[in-house]
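Every read-out reported here was derived from the displayed coordinates using simple, explicitly stated rules and does not represent laboratory data. No experiment lies behind these values; they were computed from the predicted model shown. As a convention, Cβ positions derive from the backbone with ideal geometry for all residues, glycine included, and neighbour counts pool all protein chains shown.
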Amino acid sequence: MVEMNIEKWTKENPELEQVLKGEPVFWINGESKTVEEANAISEYSQKDVEDAEARYERFAPFIAQEFEDTRDNNGIIESFITEVPNFKSFLEDEYNTDIEGRVFLKRDDQLPIAGTIKARGAIYEVLHHAEEVAIEAGLLSGYDDDYKKFASDEFKEYFSNKKVVVGTTGNLGISVGVMAAKFGFEAIVHMSSEAKQWKKDYLRSHGVNVVEHKTNFTLAVEQGRQAAEADPDAYFVDDEHSKYLFLGYTAAGMRLKKQLEAEEIKISEENPLFMYLPCGVGGSPGGITFGLKQVFGDNVHCFFAEPTQVASMMVGLMSNEFSEVAVDDFDLDGKTNMDGLAVPRTSQFVAKLMQMYFDGGFTVGEEEANYNLAALDDIEDIAIEPAAVAGIPGIARIFTSEQGKGYIADKGLTDKMGNATHIAWLTGGSMVPYEDHKAFFQQGIDAGYEPKRKSY
Ligand SMILES: *Cc1c(COP(=O)(O)O)cnc(C)c1O
């Protein structure tokens, strides 16, 4: 148990006072370093990012063969970006500010195979494991062998004696489970019985063994871990501690550069890039930030986004205690509609690493998220899940908050913001059933949004 030095931490980070009250904050990370300084200390480097991308490429022919929705992109699992000028105008009206620069959304809600950002990290980890097992067994002669062999009966039969295990509330389980089952592994997903029924049904229809626990989520994960550790043929995907999940996310940086170039956007000191990234344990915003910083250096500015009641990364960084503190230590109730972000404790290794790379973060209230979700659906016809909305308010609040304005001034960006590109990462949504989208939309209306076009 750590000593709760609230007074000291508040002195260092005055925003902690609002965090404790469950009020939204915009916070600048005083411990961040230049990319050059951070890279000199970090145990990961651009080489790891390139290694991850090379692994995705080796598996691409197999993935294209097995998943029809990846064929357009030759088996590379990637989403597109969408510019949203109408939604930008809405945000300007709503937050009563001028948003300088262009506004895009990164569409991981449409990511193939799983429809969430987890398809990056989780699938990468399963690929890494399958490759390792195949090479060890002598089924694959090396990295230059033909990876379409993974679709053969010989491979699938070999993998059928091995297990891939994960404990999760949902999205991680879908990506790990579906991919592992595709290789022929016995895929086992431990869930608490409160997890959404459609997720359990979907997994079972893909040949995944869903184990339900009547306990809460943390215990369900723990029981999954223990079952896996006791079994030499089982491999456990560990959301909080996995470096492969993290590395799987990093490849997004190089790919985003290409997508921006296709839009004739070249990021530079004169043309800064601002990123707004929903944050749960931190693996996805952390990995993506790491990858982006390798590509764009100090010209990309990365902010993580959390629910006001589950600000686990924020309290972890403000206190310098990382995963040693949980949100209930700060009297936050940990409840949120933003499912993928309902993580009371951050990942220790990700938080420690990202303390050097994240430029800041912000928290979002439930009503603010619901309102923006309905507005995005109404204005742009983009229906996402609540967790995926969290990044959006950052686009406005960098201009409206004292902290955001101070950041722009301190970095010497005041007269460059007209050339800025803002991207909110939409982290999931396309697999959510119609009835759930309808309920999310209604929550936006309940929060005061008045739809003009859309109806369910
Ligand atoms: C898991 C998840 C996130 C956050 O990713 P972390 O790696 O847990 O930080 C964001 N959005 C959605 C939809 C998710 O499922």
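Determine which lysines satisfy two conditions relative to K149: a Cα distance under 21 Å, and not lying fewer than 8 residues away in the same chain.
Those lysines meeting the cut-off are K162, K163, K182.
Take R225, R71 and order them by how many other Cβ atoms sit within 10 Å, fewest up front.
Neighbour counts put them in this order, fewest first: R71, R225.
Which ordering of W198, W425 is given by a fewest-first count of other beta-carbon atoms within 10 Å?
Ordered by Cβ neighbours within 10 Å, fewest first: W198, W425.
Once the Cα gyration tensor of segment 118-245 is diagonalised, what are the square roots of 5 times its eigenvalues, in whole Å and ordered largest first, as equivalent ellipsoid semi-axes?
Rounded to whole Å, the semi-axes are 26, 14, 13.
Take D145 and E94, extend 7 Å from each Cα along the Cα→Cβ direction, and tell me the distance between the two endpoints in nm.
Calculated label separation equals 5.1 nm.
I'd like the Karplus ³J(HN,Hα) series for segment 397-405: coefficients 6.51, -1.76, 1.60, θ = phi - 60°, whole numbers in Hz, and an x wherever there's a Gly or Pro.
6, 5, 8, 9, 7, 4, 5, x, 4
Report the residues of segment 369-406 in range of a label on E17: point 7 Å along Cα→C-beta, backbone N strictly under 20 Å from it.
401-406
Could you list the residues of segment 333-368 with an amide nitrogen less than 15 Å from a label point located 7 Å from the Cα of E194 in the Cα-to-C-beta direction?
Within reach of a label on E194: 333-345.
Quick check on segment 47-146: take the gyration tensor over C-alpha atoms, sort the square-rooted eigenvalues as a ≥ b ≥ c, and tell me if it's rounded (a/c under 1.5), prolate or oblate.
Here segment 47-146 falls in the prolate category.
Karplus couplings for segment 47-56 from phi (6.51 cos²θ - 1.76 cosθ + 1.60, θ = phi - 60°), rounded to Hz, Gly and Pro as x?
3J(HN,Hα) across segment 47-56, in whole Hz: 4, 5, 5, 5, 4, 5, 4, 4, 5, 4.
Efficiency by 1/(1 + (r/R0)^6): what FRET value for K8 and Q65, r their Cβ-Cβ distance, R0 = 60 Å, to the nearest 0.05?
Here the calculated transfer efficiency is 0.60.
Helix-only mean residue ellipticity at 222 nm, the chain, DSSP H runs n ≥ 4 weighted -39,500 (n - 2.57), per residue, nearest 500. What is it?
Taken over the chain, the calculation gives -14000 deg cm²/dmol.
Return the whole-Å distance between the Cα centroid of segment 48-122 and the Cα centroid of segment 340-391.
If you average the Cα positions of each part, the centres end up 16 Å apart.
Per 0.36 nm of contour for each residue apart, how much would the distance between N86 and N74 grow if the chain were fully extended, relative to their Cα-Cα spacing?
1.1 nm
Quick one: length gained pulling E222 to E157 fully straight, 0.36 nm per residue minus the C-alpha distance?
Additional length available on full extension: 20.5 nm.
From the square roots a ≥ b ≥ c of the eigenvalues of the alpha-carbon gyration tensor of the chain, which class results: rounded (a/c under 1.5), prolate (a/b over b/c), or oblate?
Taking the square roots of the gyration eigenvalues as a ≥ b ≥ c, the chain is rounded.
Provide the gained length on full extension for the span K454 to A409, in nm with one decimal, where the gain is 0.36 nm per separating residue minus the Cα-Cα distance.
Once the chain is fully extended between K454 and A409, it gains 12.3 nm.
Using the count of nearby Cβ atoms within 10 Å as a rough guide to exposure, how do S42, S32 rank from fewest to most?
So the residues, fewest neighbours to most, are S42, S32.
List the GluC sites (Glu not before Pro) within segment 253-289 that DSSP assigns to loop and that have no more than 14 neighbouring Cβ atoms inside 10 Å.
Here the sparse-neighbourhood loop sites are E263, E264, E269, E270.
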